[in-house]
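The structure appears below as structure tokens.
The values are calculated or read from the model by the stated rules, or taken from the named source; none is laboratory data. In this text, all values refer to a predicted model and were calculated from it rather than measured experimentally. Ideal geometry is used to build each Cβ from the backbone, glycine not excepted, and the neighbour counts take in all protein chains shown.
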């Protein structure tokens, strides 16, 4: 499983320039330009276009190759109640709250859907 913080912004291009200047590489981008991946040695930063209150927010996310139904079942067995597995434009996602109530996102990507 790879750690993927998601940085929400109303200016994807400026945010991408900032993190590339910091030393991250340019990775896959969605056709619409609303999602950009910046791989790093220890994971990846994802930049996602957002409006209003979501701009400036950062969400903890993970990317896995494991079926999300298996992840959801493991979370239930550990006493945590995940939300449903959602079909997304990039693959599938699952959200679950950690013990402090912070939402964590787990994604299974199919990069052929958006690159």
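Which of the residues that make up region 63-82 are surrounded by 14 or more Cβ atoms within 10 Å (Cβ to Cβ), out of contact with any helix residue (DSSP H, G or I) (no Cβ under 7 Å at 6 or more places or on another chain) and not in a helix (DSSP H, G or I)?
Matches in region 63-82: 63, 80.
Of the conditions (1) in contact with a strand residue (DSSP E or B) (Cβ under 9 Å, 6 or more places away or on another chain); (2) surrounded by fewer than 12 Cβ atoms within 10 Å (Cβ to Cβ), residue 45 satisfies every one except a single condition; which number is it?
(2)
Please name all residue pairs, on different chains or six or more residues apart, with Cβ atoms under 9 Å, provided the first residue is in region 69-81 and is at negative phi and the second residue is part of a helix (DSSP H, G or I) and surrounded by 10 or more Cβ atoms within 10 Å (Cβ to Cβ).
Note: pairs meeting the criteria are 81/75.
For residue 112, which of the numbered conditions (1) part of a loop (DSSP other than H, G, I, E, B); (2) surrounded by fewer than 16 Cβ atoms within 10 Å (Cβ to Cβ) fails to hold?
Exception for residue 112: condition (1).
Condition first: in a loop (DSSP other than H, G, I, E, B) and at pLDDT 90 or above. Now tell me which residues in region 29-46 satisfy that.
34
Pairs please, first residue from region 88-99 and within 15 Å of residue 63 (Cα to Cα), second anywhere and modelled with pLDDT under 85 and not in a strand (DSSP E or B), Cβ atoms under 6 Å, 6+ apart in sequence or on different chains.
90/113; 90/114; 91/110
Going by what's in this entry, would residue 51 be described as over 22 Å from residue 104 (Cβ atoms), loosely packed, with under 13 Cβ neighbours inside 10 Å and either within 15 Å of the chain's Cα centre (by Cα) or at pLDDT below 90 (or both)?
yes
If we scan region 89-105, do we find a residue that is closer than 22 Å to residue 32 by Cα, assigned to a loop (DSSP other than H, G, I, E, B) and either touching a helix residue (DSSP H, G or I) at 6+ places or on another chain (Cβ under 7 Å) or at pLDDT 90 or above (or both)?
yes
In region 65-81, what residues are within 23 Å of residue 48 (Cα to Cα) and in contact with a strand residue (DSSP E or B) (Cβ under 6 Å, 6 or more places away or on another chain)?
68
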